[in-house]
Structures are given as C-alpha cells and as structure tokens.
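A.B. asks: Handing you this structure, nothing more for now.
The values are calculated or read from the model by the stated rules, or taken from the named source; none is laboratory data. All values reported here derive from a predicted model rather than from experimental measurement. Note: ideal-geometry Cβ built from the backbone for every residue, glycine included; neighbour counts use all protein chains shown. Accessible surface is based on the protein model in full, side chains and every heavy atom, while ligands, DNA and RNA are left aside. Shrake-Rupley method; radii C 1.70, N 1.55, O 1.52, S 1.80 Å.
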Amino acid sequence: MSVRHGTIGLSEEQAALLESASKFCRDKSSIEAVRRLIDDELGHDPAVFEEMAELGWLGIAIPEAYRGAGLELAEVVPVVEQMGRNLMAGPFLSTTLAAQAVLCAGTEAQKSQVLPELVAGTPAALALMEPHADWDPKNIGCQAVRGEKGIELSGTKVLVTDAGVAKWIVASVVYEGSPALVLLDAEAITACKRRRETVVDETRRSFQLGLDGVSVAEDALLDVSLVPAALERTELAGSLLGSAEMCGGGVGCIDSTVAYLIDRKQFGRPIGSYQALKHPTVDAHLGIEQARSHVYAAAHTFENGREGEIAVRMAKAHAGPALAFAADRAIQFHGGFGFTYECDAQLYRRRALWCENQHGDALYHRQKLASLIL
Amino acid sequence: MSSPSKRERDEYRAEASAWFEENVPAQPDFMLPLTFMEVGTDDQFHFLCDWQNRVYEAGYLGAAWPKEYGGGGLDQAFQDIATEQMRRHGSPIMLNTIGLSWAGPLILDMGTHEQRERYIKGILSAEDIWCQGFSEPDHGSDLGNAQTRAVRDGDEWVINGTKIWTTHGNYAKYMILLARSIPDTPNKYAGLSFFLSPMRVPGIEAIPIRKLTGEYGFTETFFTDARIPGDSLIGEEGQGWAVAMRTLEYERSARGGQAGGLSIKVPDAEEVVDLARRARRSGRPAIEDPVVRDKLVELLIEDRGLGLCGARQRLAPLNQERPFSLGLSSKLMQTEFIRRLNEFAISMQGARAAYYVGDPDAIDDGTSQRSYLNAFSATIGGGTSQIQANIVAEHVLGLPKS
Ligand SMILES: Cc1cc2nc3c(=O)[nH]c(=O)nc-3n(C[C@H](O)[C@H](O)[C@H](O)COP(=O)(O)OP(=O)(O)OC[C@H]3O[C@@H](n4cnc5c(N)ncnc54)[C@H](O)[C@@H]3O)c2cc1C
C-alpha cells in the first residue's frame, strides 16, 4: 500500500464512548476543578477515577478473561481524547499503559492477579524513562540481578507519572544482559526512594524513583522473551493515547480562544474580527483537524503491525506541533491576560510541552518514520 | 438505486482499466497542461477536446449523470472508479472542467428541462466548452459587488461590462455569467442575476492574458451591448448570488454531483520522494540529507492527513460539533499544501533548481518549477486562500466578520 494513504474507520463502540466520555469529562473536569486539583497534593479526585473504573473504562482494552471488555486500544482513544479536551487529571492513562505492558509481556499468573485489579480501579504506573532522557525504551541503565534477597534492583527512573498513587509499577531494567520488565508491588514501591518532580504540566504528578536497595521476588519479572515487543508496543500505545490527549487539548484550547476573540473588544470591535488573529486561529484549528484524522486512523490500524506503527508515529508527529501552535497562539491572542497564571492558555501550552515529551517528540517520530517509509 | 455489488464494481473496474490501458494517448510533441487552467495553445485545446470526447463516448465521463440528458445513468460509484482509472493510467486531464464540474451540476440541479436538454450533452462531449464570468477587474474577492450590467430589452438581455481571468474565455461557447440586473438595491447581493450566456454573439470579445508562466490560459472578456436570449436566466432574477454561491460549492468540491474525470494532475508527495532519490545535493542523493529526509516525512504526514480528513468526513460522529469544518476547509488545506510541496521539490535540486522548462539540464524538464508557479492558480482562483480562511473562521469557528 502507498505511504500516502491511510485508512480510517470508527467502531460503534468508539462512537458510543466518544459520546459518553464527552459528557462525563465535561461534567467532572470543569476548568475550576482542574485548577483546584493543580493545588492539591494528590492531583486528582479519587472518586472520579473510581467512577471511571465503574464505567468499565479501565478495562476497555483488557480481555474478558481478566474482567475487561475485550475491546481494543482504539476504543480507549475517544476517552483519552475527551479527557485531554477538559484537561482532566488522574492516573487513567498511566494505569491503562501499565495494564497494556502486563497484558503484553506478563506471565499468566501476573495477568490473572494484576489485570482484574487494574480494571477494578487500582492505579498503576509505568517507569521507563531514565536520567539519560533518551526516549528509546531499550536504552536502559537500571539493573536487576539475582541476589540473596531475590531480584535486587538498582538505578534511577525519572518522570514516572502517577508513582505517588500507583499500587503497581512496571519498570524497565536490564536483567542478565537483556531488557526486562519487573512488576513492583505496593511494598516495593514504598521501598523506593521517591521524589515528587516539578514538571511543566502542573496537572500531572510525576516522580523520580530510586531503585537502589529495592528487591522483588523472582516471579515479579515479566516474561523476558516478550519484553522487546512489549517495550515497542508500550511506546506506540503511549504515543497513540498521547496524541489523542493532545488532539482533545487542541479542541479545548481553540474553543476557549475563539470565545475570547468574540468577547474581547478593542478599537470598538471584537478582536476576532482582525485577520491577524483570525487566520492563525484557523491554521491552528486545521492543524488539530488533521491531527484528529491521523489519531482516529492510527486507532483504526493500531493492531496492523508496520501499518499501525506508521500511522501512530504520524499521529504523534503531527499532534504535538499542532497543539503547541494552538496553545502558543492562544497565549499571544489573550494579550496581557495571556501572560497571567489566571489565563487558561498557559494550561494548554504546558500540557503541550508535557505530552510532546512523552514517548518521543515529533522529531523523534519523524526520524523513525524516515527509516520506515523513505 | 441500490449501491452496486463488489462484483459489479470489480467488473466495471477491469473494463475501465483495460479501456484506458489501450486508449490513453501517447505524449504528443508539445507539452500537455496539468490543469484545465493551463490550456494555452490551439494544439493543446484540440488534443484535449478529442480526448475528452473519446472518454465520454466510451462511457467513462458523466457515467452517473441522467441518461435522458446524455449521461450514463449509473451509480456514482462507477464514475468514481472510472476517474480513479484515469489517474492510474496517466490520462490527460478533462478539458471542459467548468462545464463538467460547475456549470453541469448546477444546470442538472437548478436548470429547466429545456436547459438540461440543450446543454448537458455538449458539456460531456466537449463540443460545448464553458467558461465562468464572475470576477471583474475591480471586483474579485468582493464578488458580490460585481457591476457588469444586464438590462432586459424585449426578448433579450443586453449585457455591458468587463469580466476578467476568464479561464477558456477564448474557446468557450457558453459562459456562466453573474451580472447586475437590478441597480441600486439596498443590499448589493440582491441585484444580481445568473445567466447561461452564449459567448459567440456580437459585442463579446475575449482577449487572452499571459500568465506568470509565460503561457496563455485566461482572458479579459468585454461585453459591449451584447444581446443574449431572454431565457438565459438560471434561478429567478435577483437570486444570482445564491446561484453563484452554489456554483462555488461545486467548484470547491463542497457539494457533489460533478461529471467526474481528472481536472488537475498535481505532483503528489510520493513523486517528490522519488525526485529526492534522483536530485543531488552536495554530491549525494538529496534523500540522504537528514534535513531533506525530515522535511519529506513531514510532507508525507501532511499528505496522508489531508486524505484522511476527506475520509473522516464520512464518519458522522467525528464531525458532530463542527459539521462543516472539513468540507469548508478542504480547498484551503489542499491547495496550500500543493503549493508548499512544489516549492520544496524545487529546493532539493541544488543549483539546478535555477533551470526552467525547456532547458536540457532542467530536472524533469522543469516540472517542479512550472508546477509551483501554476499552484497559485488554485490558491487564488475559486476564492483566495485568505478568503477561504475568512470563510472557515466565520462559518466554522463562528468568529465575527472582518
Ligand atoms: C488561474 C486562475 C483562473 C481563474 N479563472 C477564473 C474564471 O474562470 N472565472 C472567474 O470569474 N474568475 C477566475 N479567476 C479569478 C479569481 O476568482 C480571482 O482572482 C479571485 O477571486 C481573487 O480576486 P482578485 O483577483 O480580484 O484579487 P483581490 O480580491 O483584489 O485580492 C488581492 C489580495 O487581497 C486579498 N484579499 C481580498 N479581500 C480580502 C479580505 N476580505 N480579507 C483578506 N484578504 C483579502 C486576497 O486574498 C489577495 O491576496 C481565476 C483566477 C486565477 C488565478
């Protein structure tokens, strides 16, 4: 098939989830709620997270055998998109991605134990990034060695989202010379040296995790033979959902900017009548429209091997700069107010910076694409 | 009409493919236009008229138009297949685009039975070439201010004024004409009427204008007491603006019903990738340059994204909040993309980027250079990109008028 053409489709479940998530996220994540949670140490409302679990959203892409709905990541996309649109916080994304990693590389025992818990609303997290700040998930410095206390861990993980509330953490390490994934339970997590990081997106809770001196049982290792595929899949799953979140964010950002352009008057007319503001706003809107097409195409083809990989990387490479542009212009178009903490434009711009740097930025994905399609 | 089965479509595709395989003409010894707006010589004109006529006679043009007026009476799916086969087999473009894609669907939609009988078949067969008389020297983007006058005189209308940028003005037998029949209306739009006007009557003179590429392709068209038949109106008198807006929807593909066929052949992103393999920078194939690679990937992403936007339009739940967004923005996105794509194609060619069509050392005979210059036809014609941006801002985002 030609690289020029992607395929897009929408399942009935996606459409239904889009509708319910759109309403849910609007109700639960007003801008006042977002701001209140920024100042809250926990950073999210556990009751809302629980409700999402009750709605079955944490199990959308988990097989029925583990109490999930047996659908695919494609069906998670509309949920994350609508969360992004309303700048909704909480460990939904982390838990979903951790669950996917367990599903992909976990042993049967691990899957049966952990997945139903996650589906039921136990928060989890993924610890992949390290101080070297390389997005390549196979570039791992943390070590796991067999010792007296079982599997002994060392090294540092950074930018571990939601490690503050996670009851399970999937961390990448090197074990016997190969990339491996270990499952940290609540006890091991408590044993880690945790430091809350100060990150650009204040709606997030992100942590550094010192693994030195922490040990886990042998059966905490995920199936080593499946790890390379799981790492790759996690990067793509994270990129897909991250793109969806950015797309939603773009729509939210443009809606609020447009409202201001209509409302605010200068020289006796609404500033939205000035083309110097109008046309870049159209550019921002069209950038997000294209990103949305890419995201739903990537969702549709996610499971199709190389085709899926191309579609996902394209979505991530497009959505990042599109949201960045929309939010950058949003600040400028609010004038002095745009420079304030009170103006919501900064929330979107910070969100864009955060998402862009999860699972690879646009340049990273374009470089991967260059070797895939040129 | 129930939609055709996969087997019916496959059979039709195979037939169409075989026909184009066999019949697509060899490249003549003159350059063929890549868009209907680039027809500048009589050789090109006659060659393309002949070709359109053969395609029509074979049934691959207007396949979905009603049989009683000369169409094929088939499902739209068949015409789409035929158009796709034209593209695949490198068919030259269909010359009579203004008839096939704008005037034709308008006449089928709003015309009287007599008007359809009179005009539709000639549009398809290329016997009757059509042009469009909207823009005037002093009123382009502000089309609603058009001042060409139409005055009723007995059985006729008398037309006075000047139209400009009239594509095919010197070849056309008919024009879709926007003129003011009621002067001094409080609202400038209310005085306009829309005519299906003959071009070969005394008092109409079309003077070719040379384009930025050095070729010819449109005219300045003068009306001096030109008399056209009284039944030339389409729509009611004073309703011309609404009819013109509908025509523009056809023109911008925001509304379906066109006869089909290729009207434009634009280089696509894959061809630019291919060029990057052949073009050389710093003594190496351009495609080895990391900056070129990055840009190529960016363009491929955008190219695919535009196609996906077209496909997404059919997924209703993904267009609920701003239902007209993708339709109203496709012209703006597509045409600006093509312009930038061509510009980039030139930038890869190193010092040879300085050559133009006709020089033996020009890469691909200067196609990129020519296509880049021609790309502005689409970012200006049919409503400029700036006007398109206003439309999206106002009708999609709800921003106030400028
Ligand atoms: C190749 C080609 C073929 C054409 N064929 C035909 C044809 O067959 N029939 C026909 O009737 N016309 C035709 N046109 C004319 C075309 O529709 C007009 O050129 C176009 O609508 C712009 O009008 P104008 O040339 O008067 O430019 P102007 O309206 O004078 O515009 C000049 C500049 O000002 C900008 N501008 C104007 N108004 C605004 C505004 N409100 N906000 C922001 N920017 C603005 C424009 O974007 C442009 O950049 C053709 C044009 C081209 C290039």
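A.B. asks: Within chain B, which is the longest segment that contains none of the trypsin sites (Lys or Arg not before Pro) sitting in a DSSP loop with at most 13 other Cβ atoms within 10 Å?
C.D. replies: Numbers: sites that count: B:200, B:314, B:401.
Answer from the scan: B:1-199.
A.B. asks: Mind putting together the pair-distance distribution for chain A? All Cα pairs, 10 Å bins, whole percent per bin, short to long.
C.D. replies: 5, 24, 33, 24, 10, 3, 1, 0
A.B. asks: Tell me, what ³J(HN,Hα) does each residue in the stretch A:197-208 have, in order and in whole Hz, if you take phi through Karplus 6.51 cos²θ - 1.76 cosθ + 1.60 with θ = phi - 60° and put x for Gly and Pro?
C.D. replies: Per residue, the Karplus-derived 3J(HN,Hα) values read 8, 8, 10, 5, 8, 6, 7, 9, 10, 10, 9, 8 Hz.
A.B. asks: Which of the aspartates and glutamates could be linked to residue A:167 by a straight reach, that is with a Cα gap under 14 Å, when you skip same-chain ones fewer than 8 residues away?
C.D. replies: A:117, A:185, A:187
A.B. asks: For residue B:67 and residue B:210, what is the calculated FRET efficiency with R₀ set at 51 Å and r taken between the beta-carbons, to the nearest 0.05? Before the final figure, lay out each step's value.
C.D. replies: Details: r = 42 Å, r/R0 = 0.83.
Efficiency computed from Cβ-Cβ geometry: 0.75.
A.B. asks: How far is the Cα center of the stretch B:281-328 from the Cα center of the stretch A:300-374, in Å?
C.D. replies: Cα centroid of the stretch B:281-328 versus Cα centroid of the stretch A:300-374: 14 Å apart.
A.B. asks: Translational diffusion coefficient, Stokes-Einstein: compute it for the stretch A:131-264 using the Kirkwood radius over C-alpha pairs as Rh, at 20 °C and 1.002 mPa s, and state it as an integer in µm² s⁻¹. Before the final figure, lay out each step's value.
C.D. replies: Values: Rh = 16.7 Å.
Stokes-Einstein gives a translational diffusion coefficient of 128 µm²/s.
A.B. asks: Residue by residue through the stretch A:240-247, which ³J(HN,Hα) values in whole Hz follow from phi under the Karplus form 6.51 cos²θ - 1.76 cosθ + 1.60 (θ = phi - 60°), with glycine and proline marked x?
C.D. replies: 4, 5, x, 5, 4, 5, 5, 4
A.B. asks: How much accessible area per residue does the protein assembly as shown have, counting only protein heavy atoms and a probe of 1.4 Å, in square angstrom?
C.D. replies: Values: 31930 Å² over 776 residues.
So the protein assembly as shown comes to 41 Å² accessible per residue, rounded to a whole number.
A.B. asks: Report the Rg/Rh value for the stretch B:1-123, based on alpha-carbon coordinates and the Kirkwood definition of Rh.
C.D. replies: Result for the stretch B:1-123 is an Rg/Rh of 0.98.
A.B. asks: Something else about it: Does the stretch A:206-305 come out rounded, prolate or oblate, given a ≥ b ≥ c as the square roots of the eigenvalues of its C-alpha gyration tensor, rounded meaning a/c under 1.5 and, failing that, prolate meaning a/b above b/c?
C.D. replies: Details: a/c = 5.82, a/b = 2.34, b/c = 2.49.
It comes out oblate by the Cα gyration axes.
A.B. asks: Let's test this: bin the Cα-Cα distances of the stretch A:191-241 at 10 Å from zero up to the farthest pair and state each bin's percent.
C.D. replies: In whole percents, the pair-distance histogram is 20, 27, 44, 10.
A.B. asks: For residue A:207, which sequence-distant residues (separation of 5 or more, or a different chain) have an amide H within less than 5 Å of its own amide H, given hydrogens modelled in the peptide plane?
C.D. replies: A:159, A:160, A:161, A:162, A:163, A:197
A.B. asks: Now for a separate question. Put a dot 7 Å past each Cα toward the Cβ at residue B:321 and residue B:127; how far apart are the dots in nm?
C.D. replies: 5.4
A.B. asks: I would also like to ask the following. Which of the GluC sites (Glu not before Pro) across the stretch B:212-301 are loop residues per DSSP, with 13 or fewer other Cβ within 10 Å? Numbers along the way, then the final one.
C.D. replies: Details: sites: B:215, B:220, B:236, B:237, B:249, B:251, B:270, B:271, B:288, B:298; in loops: B:215, B:236, B:237.
Sparse-neighbourhood loop GluC sites (Glu not before Pro): B:236.
A.B. asks: Output the relative contact order of chain A, whole-number percent, from Cα pairs under 8 angstrom with separation of 6+ residues.
C.D. replies: On the way: 712 pairs, mean separation 62.2, N = 374.
Normalised by residue count, the contact order of chain A is 17 percent.
A.B. asks: Then there is this: So if each residue of separation counts as 0.36 nm, and I subtract the Cα-Cα distance between residue B:343 and residue B:384, what length gain in nm does that give?
C.D. replies: Numbers: separation 41, 0.36 × 41 = 14.76 nm, distance 1.84 nm.
Between residue B:343 and residue B:384, full extension yields an extra 12.9 nm.
A.B. asks: Rg to Rh for the stretch A:2-120: what is it, with Cα atoms only and Rh by Kirkwood? Present the calculation step by step, with values, prior to reporting the outcome.
C.D. replies: Numbers: Rg = 15.5 Å, Rh = 15.2 Å.
Result for the stretch A:2-120 is an Rg/Rh of 1.02.
A.B. asks: Indicate, rounded to the nearest 5 percent, the antiparallel portion of the DSSP beta bridges found entirely in chain B.
C.D. replies: Numbers: 33 of 38 bridges.
Here the antiparallel bridges make up roughly 85 percent for chain B.
A.B. asks: On to the next question. At 7 Å along the Cα-to-beta-carbon direction for both residue B:253 and residue B:185, put a label point, then send me their distance in nm to one decimal.
C.D. replies: Taking the simple label geometry, residue B:253 and residue B:185 are separated by 3.2 nm.
A.B. asks: On a 26 Å Cα-Cα criterion, which of the cross-link pairs A:193/A:368; A:278/B:211; A:149/A:193 come out too long? List each step's numbers first, then the result.
C.D. replies: On the way: A:193/A:368 34 Å; A:278/B:211 31 Å; A:149/A:193 18 Å.
In this structure, A:193/A:368; A:278/B:211 lie more than 26 Å apart at Cα.
A.B. asks: Ok, one more. Mind checking the log10 I(q)/I(0) for the protein assembly as shown at q = 0.05, 0.08, 0.11 Å⁻¹? Debye, one equal scatterer per Cα, no solvent, two decimals.
C.D. replies: Computed log10 I(q)/I(0) values: -0.32, -0.77, -1.21.
A.B. asks: With every atom except the alpha carbons ignored, what do you get for Rg and Dmax of the stretch B:1-56, in angstroms?
C.D. replies: According to the Cα coordinates of the stretch B:1-56, Rg and Dmax are 15.5, 45 Å.
A.B. asks: Then there's this: Given the DSSP H assignment, sum -39500 (n - 2.57) over each helix run of at least 4 residues in chain B and divide by its residue total; what's the result at 222 nm in deg cm²/dmol, nearest 500?
C.D. replies: Details: 11 runs with 156 residues, N = 402.
Result for chain B: -12500 deg cm²/dmol, rounded to the nearest 500.
A.B. asks: Same structure, new question: Report, in degrees rounded to the nearest 10, the 0 to 90 angle that the Cα long axis of helix A:362-373 makes with the longest principal axis of chain A.
C.D. replies: Tilt relative to chain A: about 70 degrees.
A.B. asks: Mind listing the phi-derived Karplus ³J(HN,Hα) values for the stretch A:164-180, rounded to whole Hz, using 6.51, -1.76 and 1.60 with θ = phi - 60°, and x for any glycine or proline?
C.D. replies: Values, residue by residue: x, 10, 5, 9, 9, 10, 9, 10, 8, 9, 9, 10, 6, x, 10, x, 9 Hz.
A.B. asks: Pop the C-beta distance of residue B:357 and residue B:224 into the FRET formula with R0 = 25 Å and round what comes out to the nearest 0.05.
C.D. replies: On the way: r = 37 Å, r/R0 = 1.49.
Efficiency computed from Cβ-Cβ geometry: 0.10.
A.B. asks: Let me ask something else about it. Can you compute log10 of I(q)/I(0) for chain B with the Debye formula, treating each Cα as one identical point scatterer, at q = 0.07, 0.11 Å⁻¹?
C.D. replies: -0.35, -0.89
A.B. asks: Output the relative contact order of chain B, whole-number percent, from Cα pairs under 8 angstrom with separation of 6+ residues. Intermediate results must be reported in sequence, preceding the final value.
C.D. replies: Working: 694 pairs, mean separation 54.9, N = 402.
Relative contact order comes out at 14 percent.
A.B. asks: Separate question: Bin all alpha-carbon pair distances of the stretch B:63-167 at 10 Å intervals from 0 and give each bin's fraction as a whole percent.
C.D. replies: 13, 32, 33, 17, 5, 0
A.B. asks: Cα axis of helix A:305-333 to longest principal axis of chain A: angle in degrees, 0 to 90, nearest 10?
C.D. replies: With both axes taken from Cα atoms, the answer is about 40 degrees.
A.B. asks: Average the reciprocal distances over every distinct pair of alpha-carbons in the stretch B:131-239, invert the result, and give the Kirkwood radius in Å. Before the final figure, lay out the partial values.
C.D. replies: Details: mean 1/r = 0.0721 Å⁻¹.
Value: 13.9 Å, from the Cα pair sum.
A.B. asks: Distance from a point 7 Å along Cα→Cβ of residue B:14 to each backbone N in the stretch B:73-94: keep the residues under 18 Å and list them by number.
C.D. replies: Flagged as within label range: B:78, B:81-82, B:85.
A.B. asks: What do you get for Rg/Rh over the stretch A:304-368 if you use C-alpha atoms and the Kirkwood form of Rh? Please list the in-between numbers first.
C.D. replies: Numbers: Rg = 14.5 Å, Rh = 12.7 Å.
Rg/Rh for the stretch A:304-368 comes to 1.13.
A.B. asks: For the stretch A:83-151 and the stretch B:186-215, write down the distance between their C-alpha centroids in whole Å.
C.D. replies: 68
A.B. asks: Taking the C-alpha atoms of the stretch A:67-150, how large are the radius of gyration and the largest Cα-Cα span, Dmax, in Å?
C.D. replies: 15.5, 49
A.B. asks: I've got another one for you. With a 1.4 Å probe and all protein chains left in place, how much of the accessible area of the stretch A:2-120 comes from carbon and sulfur atoms, in whole percent? Could you put the intermediate results ahead of the total?
C.D. replies: Working: 2380 of 4810 Å².
On the stretch A:2-120, the fraction of accessible area on carbon and sulfur atoms equals 49 percent.
A.B. asks: Any idea how far apart residue A:39 and residue A:19 come out in nm if each label point goes 7 Å out from Cα toward Cβ?
C.D. replies: 3.8
A.B. asks: Calculated from DSSP H runs of 4 or more alone, at -39500 (n - 2.57) each and per residue, what is the 222 nm mean residue ellipticity of chain A, nearest 500? Mind showing how you got there, number by number?
C.D. replies: Details: 13 runs with 200 residues, N = 374.
Calculated mean residue ellipticity at 222 nm is -17500 deg cm²/dmol.
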